[in-house]
Amino acid sequence: MKLDKYLDRSLWVFHLNTGSCNGCDIEIVALLTPRYDVERFGIKLVGSPKHADVLLVTGPVNRKMLPRLKLIYEQTPDPKAVIVVGTCGTSGGVFYDSYNIVGPVDKHIPVDVYVPGCPIRPEAIIDGVLKAWLKLERVRGASASSAEKVQKTSA
Amino acid sequence: MSKSTYKVPIGPIHPSLEEPMTFNFEISGEKIKSIDLAPGDNHRGIEFMGRNRNIIQIIYLAERICGICSASHPFAFCRAVENAAGISVPPRAEYIRVIIAELERIHSHILWAGVAAHELGFDSVLYLSWKVREEVMDILEILTGNRVNYGMFMIGGVRRDISKEQIPRIEKTIEYYKEAYQKLEDVFLQDPSIAIRTKNVGVLTYEEALNLASVGPTARASGVKKDVRQDQPYSAYADMDIKAITPDMFSGKVNGDVYDRIIVRVLEVKQSVEIIEYCLNHLPDGEILSEKKIAKLLGILKKAEGEGVGRHEAPRGEVIHYVKLGEGESPEVWKARAPTYNNLMSWVPMLQNQEVADIPIVVASIDPCIGCMDRATLVDANTYQKQVLTREELRKLSIEKTRRMMQ
């Protein structure tokens, strides 16, 4: 795979915790620190969903966080990719039968990439982000070519 | 609310600990006048789920109460069940449990140190401490098979043994941390810029710490010599002479401020390294499980009746699990009390009359994992104008204050 083809733009990521146990969240921080250091690819965590290309969701979605999950999904500008990190966000995991869990995440917002694991290894998150990257490039590529078509037909 | 004050809600996207919450601050100018806490955003109903599962399934559920304390909760839970069912643990397993628990303490304290530095605006120190932390993650992975959520604990012992080949690797880690300790001490305790931002900030007095029943490093930094490993020695800790670490061991006096909390945690990293070294040198031979057959163990637990309490000194303080075994496979009652629950209220005296820019470091100083503290809203009581502060902006205020004080 030619990485440079896709590395034309940095990815900014917003991390949302919807009730996870912390395991995935500290692995996400570990990603940014010297051992894994994804910032060398221009991937960084941002403080507002309005600046993000990718929404990184951890946790099984509890009742109180559900409206915030939907709100933050809507606040992230298009084109966006949603990555669910961890088993509990993918399927409910060990929390599947709780009265307060309304997940998994894909019941409420569209999800592009699933990274299962309890918790995930940092390498797996990098792989997931790369998959999201490919999706975003595809979407951007498609919209760029359709814009060209529109220009051609109008001309 | 008087007209001269503002109200600042922070949260609720701050759910990285067991008890995430919304903070409501009332501020006058830059000074905090009152604090109100509203927890509940991360409620998953863990104790409820535990009542529908058997004891061995609950161990893995207890592990997922918190990913950072993923040895402490199973440790306390297994001790509670063993206490209720009268199961004894082989000595080798007790030592392995202590090794894992202390490795976890090293990783948790260094993680905290990095987060605290980040809140002050020292990102290079964040990177340095997390680089140092990767070594303990490696050794945990070698010993348990996973970086987080180790799956080591079992009723009546541990699930994996430490082999002869692994011991030199652990010794290498011990050497690494003996060297790294010097670096940590230089960076955190000798650095003037950390000192000016943390000395006399977020003070919790000895009396307040006692009244609010604070636990762990938060209480010890206020001079309360409280440590389960010292007060009620259990497991392999009983073979050692563990003393609660208070800041006067380093600086000669107790102030109860954020700086003292840093001292306690940095010194505890050294203490943990010494405990692991002792455990390795005195590791007894023998079995690691009192009952190897899980089905038979479940049968024993099904027949067992009674109550049990398990206590453990987690990195953040004392964790207590209470279990009542009755008829059937599931416990009748399971109650977990995590240390942050006790420490929450110590925020109130700590934050009184502090500046808004000090919120991140004071809140982080009890180690609640502030990593997800996301946004704050400022409402002017006179004009009702809303000003939304994100976590980044709050951190920016904190960094600006550091720069101001450095000039």
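The values are calculated or read from the model by the stated rules, or taken from the named source; none is laboratory data. None of the values given here were measured: they were computed from a predicted structure. Positions of Cβ are backbone-derived with ideal geometry, glycine not excepted, and every protein chain shown enters the neighbour counts. Ligands, DNA and RNA are excluded from the accessible area calculation, which covers all protein heavy atoms including side chains. Shrake-Rupley method; radii C 1.70, N 1.55, O 1.52, S 1.80 Å.
Relative to the longest principal axis of chain B, what angle (0 to 90°, nearest 10) does the C-alpha long axis of helix B:91-120 take?
Orientation of helix B:91-120: about 10 degrees from the principal axis.
So how do A:Leu134, B:Leu140 rank on accessible area, 1.4 Å probe, biggest first, that is with the largest at the start?
A:Leu134, B:Leu140
Which sequence of A:Ser98, B:Ser34 reflects their accessible areas, 1.4 Å probe, from the largest down?
Correct descending sequence by accessible area is B:Ser34, A:Ser98.
Which loop trypsin sites (Lys or Arg not before Pro) in region A:42-76, with loop taken from DSSP, have no more than 16 other Cβ atoms within 10 angstrom of their Cβ?
A:Arg63
What full-extension length gain, to one decimal in nm, is calculated for A:His51 and A:Lys70 as 0.36 nm per residue of separation minus the Cα-Cα distance?
5.2 nm
Tell me, what is the FRET efficiency for B:Asn353 and B:Phe48 to the nearest 0.05, using R0 = 51 angstrom and their Cβ-Cβ distance as r?
0.80
In debye, nearest 20, what is the charge dipole magnitude of chain B about its Cα centre with +1 on Lys and Arg Cβ and -1 on Asp and Glu Cβ, if you could check?
580 debye
With axes computed from alpha carbons, what is the tilt in degrees of helix A:122-154 against the longest principal axis of chain A, rounded to the nearest 10 within 0 to 90?
The angle comes out at about 30 degrees.
Once you charge only the Cβ atoms, +1 for Lys and Arg and -1 for Asp and Glu, what is the size of the charge dipole of the protein assembly as shown about its Cα centre, to the nearest 20 debye?
Its charge dipole is roughly 1400 debye.
I'd like to check one number: the per residue accessible area of region A:7-154, probe 1.4 Å, reported in Å² as a whole number.
Accessible surface, normalised per residue, equals 42 Å².
Run the simple label-point estimate for A:Asp78 and B:Lys31 please: 7 Å along Cα→C-beta, distance reported in nm.
Taking the simple label geometry, A:Asp78 and B:Lys31 are separated by 5.2 nm.
In Å, the Kirkwood hydrodynamic radius of the protein assembly as shown over pairs of distinct alpha carbons?
Computed over Cα pairs of the protein assembly as shown, the Kirkwood hydrodynamic radius comes out at 24.6 Å.
Arrange the residues B:Phe122, A:Phe41, B:Phe153 by how much accessible surface each exposes, largest first, with a 1.4 angstrom probe.
A:Phe41, B:Phe122, B:Phe153
Over the residues of chain A, compute the C-alpha Rg and express it relative to 2.2 N^0.38 Å.
The reported ratio for this selection is 1.11.
How are the C-alpha pair distances of region B:46-337 spread across 5 Å bins, as whole percents from the shortest bin up?
Once binned at 5 Å, the Cα pair distances of region B:46-337 give 1, 6, 12, 16, 17, 16, 13, 9, 6, 3, 1, 0, 0.
For chain B, with every protein chain kept in place, what is the accessible area per residue (1.4 Å probe, Å²)?
Normalised by residue count, the accessible surface of chain B is 37 Å².
Suppose every Lys and Arg Cβ carries +1 and every Asp and Glu Cβ carries -1, with no other charges. What dipole size does chain A come out with about its Cα centre, to the nearest 20 debye?
Charge dipole, chain A, about its Cα centre: 360 debye, nearest 20.
If you take the beta carbon distance between B:Glu332 and B:Lys225 as r and set R0 to 41 Å, what does 1/(1 + (r/R0)^6) give as a FRET efficiency, to the nearest 0.05?
The formula returns an efficiency of 0.70 here.
Give the carbon-plus-sulfur fraction of the accessible surface of the protein assembly as shown in %, rounded to a whole number; probe 1.4 Å, heavy atoms of protein chains only.
Result for the protein assembly as shown: 52 percent of the exposed heavy-atom area is carbon or sulfur.
Kindly identify region B:266-316 as rounded, prolate or oblate by the Cα gyration tensor criterion: order the square roots of the eigenvalues as a ≥ b ≥ c, call it rounded if a/c is under 1.5, otherwise compare a/b with b/c, prolate if a/b is larger, else oblate.
oblate
Roughly how much accessible area, to the nearest 100 Å², goes out of reach of solvent when B and A pair up, both sides summed, probe 1.4 Å?
Its buried surface, counting both partners, is about 3300 Å².
With r defined as the distance between the Cβ atoms of B:Lys396 and A:Glu39 and R0 fixed at 22 Å, what FRET efficiency is calculated, to the nearest 0.05?
Efficiency, from the Cβ-Cβ distance: 0.70.
So what's the angle, to the nearest 10 degrees on a 0 to 90 scale, between helix B:72-85 and the longest Cα principal axis of chain B?
The angle comes out at about 40 degrees.
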